[in-house]
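My questions all concern the structure below.
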Amino acid sequence: IAFTGNPIRPAVLEAAKTPYAVPTDELNLLVFGGSQGAHVMAEIVPPAIALASPETRAKLRVVQQARAEDLQEVKATYSKLGVEAECAPFFTDLPARLAAAHLIISRSGASTVAELSAIGRPAIMVPLPHALDQDQFANAGLLAEAGGGIRLVQRDFTPERLASELEALAADPPRLEKMAAAAKSAGTLDAAERLADLVLQAAGL
């Protein structure tokens, strides 16, 4: 068995050049879930932010992926809370948005965790709960064990728990900086090259 890491897109490699900017007056929060995760993000994240303190809410700048059927309600909640938010069903420039984020809330698919660690951004990860082999649970565990993220199983992903995690992280920029560095240390930027080399070796070329 040879470890290569998960090959990542050129746009992610470019985003990985952006160093982590420790938050000061603003906290850029990126929320996405993929096709099977965006609905739970719409259900939990806006109510969690509603439970946060006014001081924390004032810092937040939210970018959130939301399904078309959830979009208006998510936008309306943030508007009512006075939280600056950009919401859309899909973002074509997700690697750049990852690089601009101070904190990410996401699922933990293989590509997502590979990109979080390549770019080096702290994350609260909510594994897809119904996978037969619990691959997303294992993926999130690797980043959590490295110190680069927090793994929350979906039954614990409640507005109250998320609000508590957000409060603690927003109040502790040095912790976010350490998490970003830890996530980066777990990344593999040359996975595609490693894989290509193995193919050439196996072919005797």
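The values are calculated or read from the model by the stated rules, or taken from the named source; none is laboratory data. Every value quoted in this text rests on a predicted model; they were computed, and no experiment measured them. Positions of Cβ are backbone-derived with ideal geometry, glycine not excepted, and every protein chain shown enters the neighbour counts.
Among the residues of the range 35-61, which ones are within 26 Å of residue 137 (Cβ to Cβ), in contact with a strand residue (DSSP E or B) (Cβ under 8 Å, 6 or more places away or on another chain) and not in a helix (DSSP H, G or I)?
37
So which of 61, 67 ends up being at pLDDT 95 or above and surrounded by fewer than 21 Cβ atoms within 10 Å (Cβ to Cβ)?
Residue meeting the stated conditions: 61.
Of everything in the range 62-99, what is under 24 Å from residue 19 (Cα atoms) and in a loop (DSSP other than H, G, I, E, B)? Give them in sequence order.
91, 92, 93
When the residues of the range 186-205 are filtered to those that are in a loop (DSSP other than H, G, I, E, B) and touching a Ser or Thr at 6+ places or on another chain (Cβ under 6 Å), which remaining residue is surrounded by the most Cβ atoms within 10 Å (Cβ to Cβ)?
The extreme case among them is 187.
When the residues of the range 142-185 are filtered to those that are assigned to a helix (DSSP H, G or I) and among the polar types (S, T, N, Q), which remaining residue is surrounded by the most Cβ atoms within 10 Å (Cβ to Cβ)?
The extreme case among them is 154.
If you don't mind, there's one more thing I want to ask. Which of the residues that make up the range 100-132 are surrounded by 24 or more Cβ atoms within 10 Å (Cβ to Cβ) and in a helix (DSSP H, G or I)?
Within the range 100-132, 112, 113, 115, 116, 117, 118, 119 meet the criteria.
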